[in-house]
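Structure, as structure tokens:
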């Protein structure tokens, strides 16, 4: 059940990893920004840093170059999906705050303890979330916090996430928050679909497609 909830929250669908790479050729309204979420600015450097942390964790966890290359191939849209997650986390946090939802350190520790017990220990949990959700070990607590926020927000909304109606109510609340935050993505990473609260590929005159495999250079998108 936990896996289904997390996958739904982060929208780690195949469409995110199958999308073409995009590179902007100009008209950047926010130089150096990957996205602007309300008053919060996610810089390209922050995004690249998060991606590099995942790649470094994968490299350390995998025994040889071939296995590492296979992992990269499976997560080829990592930059775009990471930005999606970074933006969605901020939307969720704002929606939770507006609903009066807070998360305590004790709640985080409790859930982490439960997850570690289910996974078979700390290392096993870190490896699992790295593989399944592309979460580097240093960001595991933050990711668990987001999970708790989502669960508590659903309860605050009276939304049963096991029913279509409950899931619809939950995502409607996030859509309202997305609209309120006036999210703006750098065109190289696509656009933000307010109704679905997710990143979407943009087709604009100043953006061109490239066929370079993701992870080839630091300027990956």
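The values are calculated or read from the model by the stated rules, or taken from the named source; none is laboratory data. Remember, it's a predicted structure, so these values are computed and weren't measured experimentally. So basically every Cβ, Gly included, is an ideal-geometry build from the backbone, and we count neighbours across all protein chains shown.
So that you can scan it fast, the table gives a plain yes or no per residue for (1) over 15 Å from the mean Cα position of the chain (by Cα); (2) within 30 Å of residue 62 (Cα to Cα); (3) at pLDDT below 95:
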position	(1), (2), (3)
105	yes, no, no
123	yes, yes, no
126	yes, yes, no
130	no, yes, yes
140	no, yes, no
146	no, yes, no
170	yes, no, no
>> So the check is Cβ under 8 Å with 6+ separation or different chains; which pairs have a first residue in segment 166-180 that's over 17 Å from residue 151 (Cα atoms) and a second one that's assigned to a helix (DSSP H, G or I) and at pLDDT 95 or above?
In response: 176/95; 178/91; 180/94
>> Looking only at segment 34-51, count every residue that is surrounded by fewer than 18 Cβ atoms within 10 Å (Cβ to Cβ) and either assigned to a strand (DSSP E or B) or touching a residue at least 60 places away in the same chain (Cβ under 8 Å) (or both) and tell me the total.
In response: 5
> Which helices (runs of 4 or more DSSP H) does segment 121-194 wholly contain that include 1 or more residues that are touching a strand residue (DSSP E or B) at 6+ places or on another chain (Cβ under 8 Å) and closer than 23 Å to residue 78 by Cβ?
Replying inline: 164-181
> Does residue 39 count as within 21 Å of residue 182 (Cβ to Cβ) and modelled with pLDDT of 95 or more?
Replying inline: no
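Of all residues in segment 181-203, count the ones that are at pLDDT below 75 and loosely packed, with under 15 Cβ neighbours inside 10 Å.
1
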>> I'd like the full set of residues that are buried (at least 19 other Cβ atoms within 10 Å of the Cβ) and either without any contact (Cβ under 8 Å) to a residue 40 or more places away in the chain or farther than 20 Å from residue 147 by Cβ (or both), limited to segment 79-98.
In response: 79, 80
